[in-house]
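Data first, discussion second: the structure below is written as structure tokens.
Just so it is clear, none of the values below were taken in a lab; they were calculated from the coordinates. Nothing here was measured: the structure is a model prediction, and the numbers come from that model. For neighbour counting, all protein chains shown are included, and Cβ atoms are generated from backbone atoms with ideal geometry for every residue, glycine included.
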Amino acid sequence: MFSRRHTLHSRLMMAYTILLGSLLLIVGLTGLIYFFASEREEIRETTHTAATILAIQSSAALMFGDSQVLQENLASLKGLRGLQWAAIVPTAVEVPLPVIRFGEAPADLALVLEGLGDRRERLDLFNLTVREPISHGHIDRGQLLMSIDLRFEVIEFFNVVVATLLLLLASFLLGQHLFRLIVQSIVAPLDELIRATTSVAQHAESEAMLEEIPRSRSEYVDEVGQLARAFNLMLDSIVHRDRQMRDQTTQLEQSIENLRSLSARMRAVREEERTRISHEIHDELGQRLTALKFEIARLGNGETESHIATQIDELIRTVRVISWELRPSVLDSLGLVAAIEWQAQDFARRLGVRCSVDLPEEAVNIAPEMATDLFRICQELLTNVSRHAQASRVDIILEVTDEAIHLEVKDNGCGMRARDQNQPALGLLGIRERLERWGGSLDIGRANAEPVRSGTRVHIMIPLGRSVVPISSEQTQ
């Protein structure tokens with residue numbers, strides 16, 4: 001009858017309906033049965049009393065055979081309610097009298113007497129037949145028979161039943177209305193708490209302001225009022241904590257943004273310093289070493305001069321390597337594609353690892369800062385391959401579309417375990433920081449399906465046409 005979908009209000013109303021309906025039905029049926037029984041008992045008593053009185057009044061007239069008096073006595077029963085017929089049946093042989101009848105008495109009264117036997121009455125739903133002996137001097141002179149039609153009682157009982165049902169229905173509806181008012185006074189604060197709790201959940205999901213949630217306005221001093229006040233205190237505490245968390249989150253986001261700005265500025269300053277040092281080493285120190293070589297060659301062709309010239313050549317090559325490692329001039333002069341190709345060739349030459357590249361045929365037209373970050377990311381990935389992969393082959397793929405730039409570096413080495421990707425490695429952290437600047441993404445996975453040497457595939461994606469301008473070195477100064 002009750003299910004989990006029913007509300008508290010509906011449960012209380014259903015319980016009240018069942019309880020009050022059952023109570024009214026029991027009371028009504030009990031009252032009707034008692035009324036019917038008492039009415040019928042009253043009719044029986046009235047009929048027996050009238051029969052007893054009439055028998056007493058008729059005893060002398062029956063003894064003397066005065067049929068006129070007997071007829072008048074029967075006519076006196078005319079006011080008896082429900083009387084159908086009455087008759088006096090003489091039984092004394094010394095006074096021969098005919099049967100005195102009143103009303104529609106049956107022709108064969110002997111059969112009626114035989115049906116009664118020793119009983120004084122016969123009662124069914126619609127009829128009451130009463131027998132009263134008429135005696136004088138303790139001698140039976142005859143029998144008085146009376147028949148009462150009880151259909152009037154049934155009609156009255158039906159009217160009483162209808163009136164009772166109407167009264168019970170009116171009482172039920174009135175009680176239901178009053179009980180609904182009482183239930184609403186109990187459930188209304190709970191409904192208000194439910195709405196407020198729902199608002200808290202919805203605001204939490206939408207990250208809206210909890211201050212906008214209305215507080216419970218229950219003024220009751222009972223348990224419901226205490227619950228409402230406890231909810232208001234809890235909501236105020238949640239609002240206070242939410243405000244503190246928002247402030248702390250704002251401060252943390254500002255700190256993170258400041259750190260990112262500082263990191264971007266440091267990378268920009270480092271690249272500028274590398275470029276400056278690379279140019280100075282290449283231009284100043286390289287030119288001076290070359291001039292020194294020419295001066296030594298001009299002095300003579302001896303063995304000492306040849307040895308010094310050889311050392312100067314080695315020193316010039318070392319200076320060029322340092323200059324290229326600091327800042328390859330090909331990145332500034334020829335662009336990202338040429339720089340990655342030179343980087344792959346240098347990687348293969350130094351480590352003896354086969355390195356293939358798949359690069360665009362044309363130069364990539366992107367911001368210099370983005371080109372520098374992509375070059376450094378590729379450099380860091382190749383460094384990780386040389387340190388950890390134990391690979392014999394490396395593939396570098398650079399693809400440029402209208403929507404994004406894709407850089408992929410994969411090897412056939414021992415592979416990277418999933419838990420290693422979450423380790424606080426400075427190399428990966430630096431790559432993620434560079435990508436964060438441009439809104440890019442980093443994806444690390446297996447290069448192939450082999451169980452032993454699955455290799456590692458690192459995919460870099462940087463979207464193009466972003467509306468947010470990245471942090472530049474000028475913005476951080």
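Odds and ends about this structure:
- Quotient of C-alpha Rg and 2.2 N^0.38 Å, computed over segment 43-144: 1.00
- VAL161-ARG387 pseudo-label distance in nm [points 7 Å out on the Cα-to-Cβ vector]: 10.0
- Ordering of 367-375, 238-246 by packing [mean C-beta count within 10 Å, highest first]: 367-375, 238-246
- With neighbour counts taken as other beta-carbon atoms within 10 Å, the residues LYS78, LYS410 rank, fewest first, as LYS78, LYS410.
- Using alpha carbons only: equivalent-ellipsoid semi-axes of segment 10-81, gyration tensor based, whole Å: 53, 9, 4
- Exposure proxy shown here: for SER441, SER237, the number of other Cβ atoms within 10 Å sets the order, fewest to most, as SER237, SER441.
- Length gained when the stretch LEU178-CYS414 is fully extended (0.36 nm per residue, less Cα-Cα span): 76.9 nm
- Stretchable slack from PHE152 to ARG120, in nm (0.36 nm times residue separation minus alpha-carbon distance): 9.3 nm
- When GLU257, GLU104 are sorted by how many other C-beta atoms sit within 10 angstrom of their C-beta, beginning with the fewest, the order is GLU104, GLU257.
- Spacing of the two label points (7 Å from each Cα toward its C-beta) at ARG349 and ASN127, in nm: 13.7
- Sites HIS48 and LEU23 - FRET efficiency at Förster radius 51 Å, r taken between beta-carbons, to 0.05: 0.85
- Distant-in-sequence amide H partners of SER454 (H built 1.01 Å from N, under 5 Å): none
- Cα-projected label distance for ILE444 with THR91, points at 7 Å along beta-carbon direction, nm: 12.4
- Distant-in-sequence amide contacts of ARG446, defined by a placed amide H-H separation under 5 Å and a gap of 5 or more residues or a different chain, comprise ARG457.
- Multiplying the residue separation of LEU32 and THR290 by 0.36 nm and subtracting their alpha-carbon distance yields 79.7 nm.
- Each peptide in 163-175, 47-59 gets a packing score, the mean of other Cβ atoms within 10 Å over its residues, and the list from highest to lowest is 47-59, 163-175.
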